[in-house]
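Asker: Got a structure for you, questions after.
The values are calculated or read from the model by the stated rules, or taken from the named source; none is laboratory data. Predicted model, so just to flag it, every value in this text is computed and none were measured. Positions of Cβ are backbone-derived with ideal geometry, glycine not excepted, and every protein chain shown enters the neighbour counts. Surface areas here come from the heavy atoms of the whole protein model, side chains and all, with no ligands, DNA or RNA. Shrake-Rupley method; radii C 1.70, N 1.55, O 1.52, S 1.80 Å.
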Amino acid sequence: MPRVSSKNRKIVLNATWYVVAVVLTAAILFPAYWMILTSFKTTPEILVIQPVWIPKNPTLDNYVYIFSTARWPTYAVNSVIIASSVTLLSIAVSALAAYGMSRFDFPGKNTYSVWILVVYMMPASFLAFPLYVIFSWIGLTDTYLAVILAEMSSILPFIMFILRGYFDSIPKDLDEAGMIDGCNRVSALFRVVFPVALPGIAAAAAFAFIASWQEYLYVLIMISADLKRTLPLGAAIFLGGKFVEWGQMMAYSTLTALPALVVFAFLQKFLVRGLTQGAVKG
Amino acid sequence: MRLENLRKHKVAYGLILPSLIVIIGITIVPMLFTIVSSFTKFNLAERGSFVFGGIDNYKTLAGDEDFFVSLLNTCILTVVTVPASFIIGLSLALFLNQNIKGRGVFRSLWFLPYAMTPVITALLWNQLLDGSYGVFNAILHDLGLIKNNIQFLANPHLTLWSIMIVIMWMFTPFFTITLLAGLQAIPPTLYEAARMDGANTFHVFRWVTLPGLRGIAVTVLIVQTIWRFNHFDVVWVLTKGGPGFASQLINTYSYLEAFVYYKMAYGVTISLVSTAIMFVLTAVYIKKVI
């Protein structure tokens with residue numbers, strides 16, 4: 001005979017779950033919390049031995065600084081331009097290729113598939129260093145184009161991999177249905193398959209955008225002009241001098257992290273679905 | 001016969017053509033360049049240094065202690081953080097897989113470390129781990145656990161391990177979220193059938209959960225291993241591979257040689273050899289798993 005009713009047992013188990021979940025969340029998110037907190041502190045409250053949990057003199061000075069002197073807006077614009085271009089290009093090129101590889105059989109298909117995977121595994125140094133040299137010989141360094149092309153060397157294969165798996169999971173009957181209604185192969189692609197594939201394509205686009213937003217090494221290699229820097233590259237300045245301005249650094253970090261966080265928050269469901277669709281198949 | 005093939009599959013080839021152009025342009029061409037450069041004396045600071053240099057670079061590499069240290073560090077980083085993140089991620093995923101209201105909120109929150117850009121994460125942990133004013137030292141002090149500050153990054157014995165903590169903080173959510181998706185894809189009927197056959201929790205885990213996760217687990221492990229082997233951002237921003245070579249990875253080392261010391265030919269040689277090593281290891285690993 002159970003002494004505790006199953007309903008009460010459930011309540012206790014649930015409560016325990018919540019407690020554990022909150023503790024875990026606190027542990028996991030503590031660094032992020034500290035980052036935001038520090039961004040509102042003045043220097044005297046940062047360079048202390050006893051950690052200041054609630055700033056007595058909260059300030060917006062750090063944010064003012066990064067918006068004016070530290071050029072955050074300029075870097076942000078650069079990041080947006082580059083990330084958007086990379087996303088558009090990658091999605092356009094990959095969607096066509098992924099559809100072609102998913103629906104057709106042709107000589108060289110397997111080789112190409114394997115090659116995409118092989119390319120993805122290569123470190124940035126392998127592909128980006130020579131790209132830098134080639135670009136410097138034709139005067140393309142310090143341009144958006146150089147960064148976009150360099151980033152695509154690692155982002156494009158990844159997107160192709162995801163989209164190929166995703167298209168594979170869309171039943172071919174759909175294409176057939178479109179073709180019965182009078183489309184040829186290509187218009188079947190655009191009118192029938194694409195609308196259905198939109199969530200996966202959106203997920204892939206989000207991936208591409210965030211990957212480009214976070215890119216550091218490729219930008220580091222290609223760009224030396226301060227005005228053309230992207231956010232990650234601009235951030236690294238903070239650790240250049242002898243003395244580190246943590247308040248400003250944290251304000252910069254908080255603002256830079258926000259867009260990626262927002263995108264991730266909104267598209268989380270799609271992101272996971274997009275990833276696992278590709279993964280479970282391949 | 002080739003031309004016939006082309007005509008027969010013209011739609012397919014047409015579809016992959018844009019991607020082919022880009023891929024050839026940004027992979028084949030640079031690759032060939034890398035291979036050729038490794039046999040030259042190319043130095044970014046010296047004009048006319050793109051001349052044949054034989055296998056000098058390779059000879060230097062074979063005797064380069066720094067290279068082997070970098071390789072070792074990279075392997076340690078990969079071999080420790082990937083399985084550790086996998087186990088922690090799986091545990092968290094199992095925890096999140098309970099049918100309790102509000103778990104979606106926690107799932108979103110726990111994703112945050114992965115959503116923050118690596119460079120920003122590095123800056124953040126630079127503060128947390130700082131030897132003089134870092135909050136971790138302050139907390140440990142407060143708890144009475146230490147008397148003198150711990151030099152998480154400046155102490156060469158601790159540098160790599162501190163970096164591993166940062167990397168695990170960043171990447172474990174990736175495991176958690178994807179494994180959770182994998183768990184949710186396992187049909188509940190399998191669990192019911194197992195229970196009806198008298199399986200206890202451990203049996204269910206071993207014979208239903210783990211096999212069900214196999215596909216996604218293998219993919220995630222391979223992807224993360226590759227990412228770890230090729231890692232650059234966090235290490236470069238936090239320590240630039242230092243102090244000395246305590247946290248040098250192969251990617252940071254090749255960058256150091258190519259762009260800081262301008263020895264481009266040597267830098268690409270490092271990259272070439274380490275990529276080859278990685279491919280061999282991956283091939284062996286895949287053969288064992290599949």
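Asker: Would you mind pulling out the separation of the Cα centroids of segment B:229-263 and segment B:88-163, in Å?
Answerer: Rounded to whole Å, the Cα centres lie 22 Å apart.
Asker: Would you mind checking the radius of gyration and Dmax of the protein assembly as shown based on alpha-carbon positions, in Å?
Answerer: When restricted to Cα atoms, the protein assembly as shown yields Rg and Dmax of 25.3, 90 Å.
Asker: Report the FRET efficiency, 1/(1 + (r/R0)^6), for residue A:138 and residue A:43, where r is their Cβ-Cβ distance and R0 is 41 Å, rounded to 0.05. Walk me through the numbers on the way to the answer.
Answerer: On the way: r = 46 Å, r/R0 = 1.13.
Efficiency for this residue pair is about 0.35.
Asker: On the full set of protein chains, 1.4 Å probe, figure out the accessible area of residue A:49 and give it in Å² to the nearest 10.
Answerer: Per-residue accessible area (residue A:49): approximately 120 Å².
Asker: Using heavy-atom solvent-accessible surface (probe 1.4 Å) with all chains present, what is the largest-first order of B:114, B:133, A:252?
Answerer: On the way: B:114 35, B:133 85, A:252 0 Å².
Result of the area sort, largest leading: B:133, B:114, A:252.
Asker: Considering only Cα-Cα distances, which of the following residue pairs are longer than 27 Å: A:228/B:240; A:109/B:41; B:240/B:263; A:172/B:101; A:228/B:263; A:41/A:242? List each step's numbers first, then the result.
Answerer: Details: A:228/B:240 23 Å; A:109/B:41 38 Å; B:240/B:263 17 Å; A:172/B:101 37 Å; A:228/B:263 25 Å; A:41/A:242 20 Å.
Among A:228/B:240; A:109/B:41; B:240/B:263; A:172/B:101; A:228/B:263; A:41/A:242, the Cα-Cα distance tops 27 Å for A:109/B:41; A:172/B:101.
Asker: Just how large is the dipole of the protein assembly as shown about the Cα centre, in debye to the nearest 20, putting +1 at every Lys and Arg Cβ and -1 at every Asp and Glu Cβ?
Answerer: Numbers: 38 positive and 25 negative charges, 291 e Å.
For the protein assembly as shown, the charge dipole is close to 1400 debye.
Asker: Turning to a different aspect of this structure: So, with a 1.4 angstrom probe, what is the percent of accessible area on segment B:123-270 that is carbon and sulfur? Working shown, then result.
Answerer: Working: 3790 of 5970 Å².
Ligands and nucleic acids excluded, carbon and sulfur give 63 percent.
Asker: So for chain B, taking the charge dipole from beta-carbon charges (+1 Lys/Arg, -1 Asp/Glu), which of B:282, B:229, B:161 sits furthest toward the positive end?
Answerer: Value computed over the given set: B:282.
Asker: Could you give me the ³J(HN,Hα) list for segment B:250-265, computed from phi with Karplus coefficients 6.51, -1.76, 1.60 and θ = phi - 60°, whole Hz, x at Gly and Pro?
Answerer: Karplus values, whole Hz, x for Gly and Pro: 5, 6, 6, 5, 5, 5, 4, 5, 6, 10, 9, 9, 6, 7, 4, 4.
Asker: Follow-up question, since we're still on this one. From the residues A:32, A:177, A:198, which one has its Cα farthest along the dipole of chain A in the positive direction, the dipole being from +1 and -1 charges on Cβ of Lys/Arg and Asp/Glu about the Cα centre?
Answerer: Projecting each Cα onto the dipole axis, the largest value belongs to A:32.
Asker: Which helices, counted as full DSSP H runs in chain A, have an axial Cα extent of no less than 30 Å and a Kyte-Doolittle average of 0.0 or above? Show your work: numbers first, answer last.
Answerer: Numbers: long enough: A:6-39 (48 Å, 1.01); A:72-103 (45 Å, 1.08); A:144-168 (33 Å, 1.42); A:246-281 (46 Å, 0.84).
Span-like helices, by this rule, are A:6-39, A:72-103, A:144-168, A:246-281.
Asker: Hey, another quick one. P(r) tail for segment A:1-149, what percent of Cα pairs lie past 28 Å?
Answerer: Numbers: 6750 of 11026 pairs.
The answer is 61 percent, as a whole percent.
Asker: Tell me, what ³J(HN,Hα) does each residue in segment B:11-28 have, in order and in whole Hz, if you take phi through Karplus 6.51 cos²θ - 1.76 cosθ + 1.60 with θ = phi - 60° and put x for Gly and Pro?
Answerer: Going residue by residue, I get 5, 4, 4, x, 5, 8, 4, x, 5, 4, 4, 4, 4, 4, x, 9, 10, 4 Hz, with x marking Gly and Pro.
Asker: If you don't mind, another one. Starting from a Cα-only point model with no solvent, please compute log10 I(q)/I(0) by Debye for segment A:138-226 at q = 0.14, 0.17 1/Å.
Answerer: So the normalised log intensities are -0.64, -0.77.
Asker: Another question, if that's okay. HN-Hα J couplings of segment B:206-223 from phi, Karplus 6.51/-1.76/1.60, θ = phi - 60°, integer Hz, Gly and Pro as x?
Answerer: Running phi through 6.51 cos²θ - 1.76 cosθ + 1.60 with θ = phi - 60° gives 6, 9, 10, 5, 4, x, x, 8, 3, x, 5, 5, 4, 4, 4, 5, 5, 4 Hz.
Asker: Between the DSSP loop rule and a limit of at most 16 other Cβ atoms within 10 Å, which chymotrypsin sites (Phe, Trp or Tyr not before Pro) in segment A:65-156 are left? Walk me through the numbers before you get to the answer.
Answerer: On the way: sites: A:65, A:67, A:75, A:99, A:104, A:112, A:115, A:120, A:126, A:132, A:135, A:137, A:144; in loops: A:104.
In loop regions of segment A:65-156 (DSSP not H, G, I, E or B), the sparsely surrounded chymotrypsin sites (Phe, Trp or Tyr not before Pro) are A:104.
Asker: How big is the accessible area of residue B:195 in square angstrom, nearest 10, if you roll a 1.4 angstrom probe over the protein chains?
Answerer: 130
Asker: Treat each spin label as a single point 7 Å out from the Cα along the C-beta direction, and report the residue B:185 to residue B:55 distance in nm.
Answerer: 4.5
Asker: Largest first, what is the accessible-area ranking of B:196, B:31 with a 1.4 Å probe?
Answerer: On the way: B:196 160, B:31 35 Å².
Descending accessible area places them as B:196, B:31.
Asker: Counting only Cα, what are the radius of gyration and maximum Cα-Cα distance Dmax of segment A:1-78, in Å?
Answerer: 21.8, 72
Asker: Connecting C-alpha atoms closer than 10 Å in a GNM of chain B, tell me which of B:150, B:16, B:163 has the biggest fluctuation.
Answerer: B:16
Asker: Throw me the Rg/Rh for segment A:79-142, computed over C-alpha atoms with Kirkwood Rh, two decimals. Provide the component values of the computation, followed by the final result.
Answerer: Working: Rg = 15.2 Å, Rh = 14.3 Å.
Taking Rh as the inverse mean 1/r over Cα pairs, Rg/Rh reads 1.07.
Asker: What residue among B:105, B:86, B:151 has its Cα farthest toward the positive end of the dipole of segment B:55-169, where the charges are +1 on Lys, Arg and -1 on Asp, Glu, each on the Cβ?
Answerer: Final value for the positive-end residue is B:105.
Asker: Tell me the GluC sites (Glu not before Pro) within segment B:1-110 that lie in a loop according to DSSP and have at most 15 other beta-carbon atoms within 10 Å. Don't skip to the answer; put the middle values down first.
Answerer: Details: sites: B:4, B:46, B:65; in loops: B:46.
Those that pass, being in a loop and sparsely packed, are B:46.
Asker: P(r) for chain A: what percent of alpha-carbon pairs falls in each 10 Å bin, starting at zero?
Answerer: 6, 21, 24, 22, 16, 9, 3, 0, 0
Asker: In addition: Using the Cα atoms as the points, what is the convex hull volume per residue of chain B in Å³? List each step's numbers first, then the result.
Answerer: On the way: hull volume 67.0 nm³, N = 290.
Per-residue hull volume (Cα only) is 231 Å³.
Asker: Further, regarding this structure: Chain pair A, B: how much accessible area is buried, both chains summed, with a 1.4 Å probe, in Å² to 100? Don't jump to the answer; show the numbers that get you there.
Answerer: On the way: alone 16760 and 17670 Å², together 26450 Å².
The A and B chains share an interface burying roughly 8000 Å².
Asker: Which sequence of B:111, A:190 reflects their accessible areas, 1.4 Å probe, from the largest down?
Answerer: Details: B:111 15, A:190 110 Å².
Sorted descending by solvent-accessible area, the residues read A:190, B:111.
Asker: Another question about this same structure. In the calculated pair distance distribution of segment B:172-290, what percentage of Cα-Cα distances lie above 25 Å? Provide the component values of the computation, followed by the final result.
Answerer: Numbers: 3336 of 7021 pairs.
That fraction is 48 percent.
Asker: Next question. How large is the charge dipole for chain B, taken about the Cα centre, if only the Cβ atoms of Lys, Arg (+1) and Asp, Glu (-1) carry charge, to the nearest 20 debye? Show your work: numbers first, answer last.
Answerer: On the way: 19 positive and 12 negative charges, 191 e Å.
That gives a dipole near 920 debye.
Asker: So, one more: When only DSSP loop residues count, what trypsin sites (Lys or Arg not before Pro) in segment A:26-111 have their Cβ near at most 14 other Cβ atoms within 10 Å? Could the numbers behind the result be given before it?
Answerer: Numbers: sites: A:41, A:56, A:71, A:103, A:109; in loops: A:41, A:56, A:71.
Answer in residue order: A:56.
Asker: How long, wide and thick is segment A:1-40, going by the Cα atoms along their three principal axes, in whole angstroms, largest first?
Answerer: Answer, in whole Å and largest first: 57, 13, 8 Å.
Asker: Hey, in the GNM for chain B with a 10 angstrom Cα cutoff, which one of B:162, B:19, B:108 fluctuates hardest?
Answerer: Comparing B:162, B:19, B:108 in the GNM, the peak value goes to B:19.
Asker: Oh, and also: Calculate the dipole size of segment B:150-290 relative to its Cα centre from +1 charges on Lys and Arg beta carbons and -1 charges on Asp and Glu beta carbons; express the result in debye to the nearest 20.
Answerer: Numbers: 8 positive and 4 negative charges, 43 e Å.
About 200 debye.
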